[in-house]
1. Among the residues of the stretch 432-440, are any surrounded by 14 or more Cβ atoms within 10 Å (Cβ to Cβ), farther than 19 Å from Pro316 by Cβ and touching a Phe, Trp or Tyr at 6+ places or on another chain (Cβ under 6 Å)?
2. Among what's in the stretch 260-282 and is of a type in the set (A, V, I, L, M) and open to solvent by 50 Å² or more (accessible area, probe 1.4 Å), pick the residue that is modelled with the highest pLDDT.
3. Out of Arg93, Arg72, report the one residue that is modelled with pLDDT of 75 or more and among the basic types (Lys, Arg).
4. How many of the residues making up the stretch 51-69 are surrounded by fewer than 16 Cβ atoms within 10 Å (Cβ to Cβ) and either modelled with pLDDT under 85 or not hydrophobic (A, V, I, L, M, F, W, C) (or both)?
5. Right, Leu327: buried (at least 20 other Cβ atoms within 10 Å of the Cβ) and either in contact with a Ser or Thr (Cβ under 8 Å, 6 or more places away or on another chain) or within 22 Å of Pro507 (Cα to Cα) (or both) or not?
6. Which one of the conditions (1) within 27 Å of the chain's Cα centre (by Cα); (2) more than 19 Å from Trp301 (Cα to Cα) does Asn461 fail to meet, given that it meets all the rest?
7. Which ones in the stretch 441-466 are surrounded by fewer than 23 Cβ atoms within 10 Å (Cβ to Cβ), assigned to a helix (DSSP H, G or I) and aliphatic (A, V, I, L, M)?
8. Return the residues of the stretch 32-68 that are in a loop (DSSP other than H, G, I, E, B) and free of Cβ contacts under 8 Å to residues at least 12 places away in the same chain; say none if nothing qualifies.
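The values are calculated or read from the model by the stated rules, or taken from the named source; none is laboratory data. Everything numeric here is computed off the predicted structure, so don't read it as measured data. Backbone-built Cβ (ideal geometry, glycine too); neighbour counts: all protein chains shown. Note: areas computed on protein heavy atoms with side chains; ligands, DNA, RNA excluded. Shrake-Rupley method; radii C 1.70, N 1.55, O 1.52, S 1.80 Å.
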Amino acid sequence: MTQAAAGSELDERVPGRRWTVRLDPVGRGSAEVRVSCGRPACDEQRLPSAAAGRAAAVAHLKAHLRATPAPRADTYCACRADGCHAHFPDTGRQARTAPWRCGGPVVLAVVTDRAGRWWQALECCSRCAAAIPGAQTAATSRPSAPPAPGSPVPSAPRTGTATPQFSDRQQVTGGTGVPGPRPEPARRRRPPEKRIGRLVIPRDLRPVSLRDELVELGGLFRAYQKRAEPDLAMLADLQERKARAFLTWSDVSCDVTLRLEAQRAEQAAAVIRRQHRHRTGEVAEGEEPGVARLLTVPAQWEYARSVLAHVAGHTPLPGAEARLLVLMLTLRTAHTGSGNLVGQDVTGLGLTDPEDLIGKLSGCGWLDIPGTVGDLLASRPENPTPVTVPSLVPGEDGAGPFTFGRKTRPKLSGWAQRAVSDKKLRKKKAPAATRLLALTLATWTDDAGRLGPGGQGIALNTLAARVPVDSDELVSSIDQLTAADWLIDATLTDTHLTGRLTERALPLTCPLPD
């Protein structure tokens, strides 16, 4: 058959079916995508994300493939309309040296691009399907044989069960009738290789104790990477063990690169040990602390906790707002019972009605002010108001309720003022209860900022004694601290509050003793 005759015969046949499912963005500045189908009866879909759109597109094409009749044996390849490289090139391209001849049964092929932006189903011959990169067969036609005299009418063509693979690795099921391909025989696999980091541990490494140590270290390092919280002391121990093991491995294998790995592990262990000392406050002479805490020594941390405990038992008025104001006034007058106060010191605490609260403290005798409450709130730094707390004035023996000295008091007061006046708490207009909770949590962490002794959390009865709020207010305050990047991983149970202060809050923490 000549080339012209072959082309004429093909042109007289029924053109193959073809349709495309596309995934397109809706527009700039939006994560929405649009799923469209080449079939006229299919409506456009809009999905909120590319992942959802890809799943919808694949599901839509699956539905078409399930509902589509078997490929017709009397069709010519739909890919010819696109200038398929298996067919003759389009006008203007160099002609093939030998004509392409279609062959084999007609199949329903599925083609997709690598980026997962479109999926196309088309009827073509099996030879063209094999020549199209990435094409997979969803169904196959089988031409009917001429019926014998007296034989029943042959049934409709049966479809194949091959399952094309899409870009998102979901499979499309074809029709039923043609059995699937034989499963490949199971291959005998070798045991998986043991690794430590990127290095493969040889199976024949001797001594066996060295190989066991390397295998165990590899597992310990992988387990450490899955930890929810870092443990620098543990990591430093692992690096030291790795350095010793790699040094021995280098000696038995005469591999210089392993000795270099051992040296790097030793350096890493030293750096991690130093970081651990910085976090715990155990800074060697000449070293600067990794966490520059506002209160630098453990004695000051204990003084801060003692003030909070004193205020919890000596606040004359109920409520978190009164507790916070009494705490700040106590720190301002702790050494002699007297101190200076300006209006901004009170108005910046997030109190609902500071004038009424100061009036109540003055009226019950806990606070003495020389003038009116309005004068105090209007005072400025250049003209502060002297205030006195009679219960903090030292007795005749010179002893007061606190043991810290005159130089420590302003450090404690500055620490508390820095915490309750945190920039993000002010921007979010956090109430007094949230600021009091932030200050209290800062005194109940370990060296890494985890809440409670050893990071085990704070008992709710202990927390309620320091922050007098109900359960709903406590949950709201915890949410506000989380939103203000002060607290993370917070979990509130029936008995404890667990979590960790963020890196930006670590300078204000007062770690608990081990």
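1. yes
2. Initially, the stretch 260-282 is screened for residues of a type in the set (A, V, I, L, M), giving 260, 262, 265, 268-272.
Then drop every residue that is not open to solvent by 50 Å² or more (accessible area, probe 1.4 Å), which leaves 260, 270-271.
Details: Leu260: 92, Ala270: 89, Val271: 87.
Residue satisfying both the conditions and the ranking: Leu260.
3. Values: Arg93 fails: modelled with pLDDT of 75 or more.
Of Arg93, Arg72, the one residue that is modelled with pLDDT of 75 or more and among the basic types (Lys, Arg) is Arg72.
4. Of the residues in that region, 3 qualify.
5. yes
6. (1)
7. Result: Leu460, Leu463, Ala464, Ala465.
8. Result: Pro40, Ala41, Asp43, Glu44.
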